Structure formats: C-alpha cells, structure tokens
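Worksheet: one structure, shown below.
The values are calculated or read from the model by the stated rules, or taken from the named source; none is laboratory data. In this text the structure is predicted, and so the values were computed from the model without any measurement. Note: ideal-geometry Cβ built from the backbone for every residue, glycine included; neighbour counts use all protein chains shown.
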Amino acid sequence: VPTDQPLHWDSSGVRIRTSSRRGSEAYLRPTRSSKKLRSDEIRAALEVLALNGVKSVFTSAIGQPEQSFFMSLGFEVHEELLLLSNDLSMHVPKPGRATRRALRSDRAHILDIDTSAFPRFWQFDTAGLSEAIKATPSSRVRVNADLPPQGFAITGRAGRQGFLQRLAVHPTHQGGGLGRSLVADALSWLQKRRATDVLVNTQLGNLTALGLYESMGFTRQSKGLAVLRWDVSE
C-alpha cells in the first residue's frame, strides 16, 4: 500500500530506506557479500519500492563484485568513486585544532554543515546520518571544539579495519585546518584501537578532499567503488 511515510527495512541481505526529503528515491546498502544475495529477493524488494511510489533506487558505494551482481538486475553506474587507504602503522599527525565528541544537540548543526558541504545527491537527511553512524560495530562522531560546530567527522571500525565514513567542513570555514584536524583525530582514535588501516572514498572531482587525504598519507587503490542506480520502467 503506498504511503507518504519513509520506508526502512532490513532483510534479504540488504538495508533499504526511502528518502525523507525525496520520497521518490530509495537507498539500498548490501549487508552481506554478493555471493550470499539472491536475485529473486532483491527483485521482490524493488517491486515493493515501486508499488510505494519509488522511481529510483541507489546503492551505497560498493565494490566490483557487488557491482556485477546488481548490474545483472538492471542497475547502472550512477557515479564512480575513488577509494583510498592509509596504513596506520605509520606516524599519525596530531590534530592542530581541538575537537570534541559530538552531542545529540549538535545533530541539527551537523546536518546543516553536511547540506552546505555536499551536492544535493550526497547530502544526509536524519536517517542517512544515523545509518552512517551505525554502519560499523564501533563508531564515533567528532566536531570542532568551538561553538557552534563548523565541521564533523564520522569514524568507524570493524575489527582491525577502520573507515572514515564522513568528513565535512562548512564552506565558510574551509581552508583553516579544521578538516585536517578532524582527519588526524580519526586516525589517532583508530590507531589507539589497533586498527591496521583506514579506508575512505571520495568523488573523482573532489580535488580538495583528495588533496587533503593524500597529504595525510592516504594512497589511491587500484579498484574503486561506484554508486549504482535502478529506475522504475515507465
């Protein structure tokens, strides 16, 4: 039955939610490897979304095995992303600016920063922010120590693998070292928890972010990621 309320469910090896801002769009994130996904179950989920008024479904940033699986179901590449890695056995720089743990009262500021820093497609809504924080077994959100927050970073860890899930600085405060401090803080936290390396992805054209990451020891990986898109047939 079609509904105006956002849909959110986790089954068949995927986590799906509709956008609270753009109800005709939905986002799908695999929670198991492509070898354990079933085509018939994914097709059934797509049919449910279409019946609820969804016109386009976007995957999270996925690797090549998952890309092949979803492309066999009619998904197409929406945007390719660079994947970078940093070896945490190396020296980690100290943050040049103070940071602190983000509070629940900071959420509105964090969403405002995110909206200001990213193009429309990449902007978090409340559900997207929560999903990014919960994407790994262990995570934390940091902001600059000043009030109100002007930048934030979401860092996650799964075993020895670290992830820089999100980094954003409000455009009016970019270039002052805040992004570098948030990355340094994230690397230090992961290193103290014995993560061996950290991954981050960024858009091909985001030269500012790419320059920051590479200046802090990240190196480009040969195999990148991609966001795929599936559109309802008219």
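Looking only at residues in the stretch 171-207 that are part of a loop (DSSP other than H, G, I, E, B) and among the hydrophobic types (A, V, I, L, M, F, W, C), which one is farthest from L82 (Cα to Cα)?
Among residues in the stretch 171-207 that are part of a loop (DSSP other than H, G, I, E, B) and among the hydrophobic types (A, V, I, L, M, F, W, C), the one farthest from L82 (Cα to Cα) is A195.
Given the condition over 15 Å from the mean Cα position of the chain (by Cα), among the charged types (D, E, K, R) and either in the same structural domain as F58 (by TED's automatic domain parsing) or surrounded by 13 or more Cβ atoms within 10 Å (Cβ to Cβ) (or both), answer yes or no: does some residue in the stretch 130-148 qualify?
yes
I want to confirm something. Restricting to the stretch 21-36 and keeping residues that are in contact with a helix residue (DSSP H, G or I) (Cβ under 6 Å, 6 or more places away or on another chain) and more than 14 Å from K55 (Cα to Cα), which single residue is modelled with the lowest pLDDT?
S34
When you look at F152, is it in contact with an Asp or Glu (Cβ under 9 Å, 6 or more places away or on another chain) and surrounded by fewer than 17 Cβ atoms within 10 Å (Cβ to Cβ), yes or no?
No, not satisfied.
Of the residues A98, A117, A127, A102, which is exposed (fewer than 15 other Cβ atoms within 10 Å of the Cβ) and among the aliphatic types (A, V, I, L, M)?
A98
Does the stretch 103-151 hold any residues that are of a type outside the set (S, T, Y) and closer than 21 Å to A195 by Cα, and which are they?
A132, I133, K134, A135, P137, R140, V141, R142, listed by residue number.
Of the numbered conditions (1) without any contact (Cβ under 8 Å) to a residue 12 or more places away in the chain; (2) in a strand (DSSP E or B), L147 satisfies every one except a single condition; which is it?
(2)
What's the number of the only condition in (1) at pLDDT below 95; (2) touching a strand residue (DSSP E or B) at 6+ places or on another chain (Cβ under 9 Å); (3) outside any helix (DSSP H, G or I) that E131 fails to meet?
(3)
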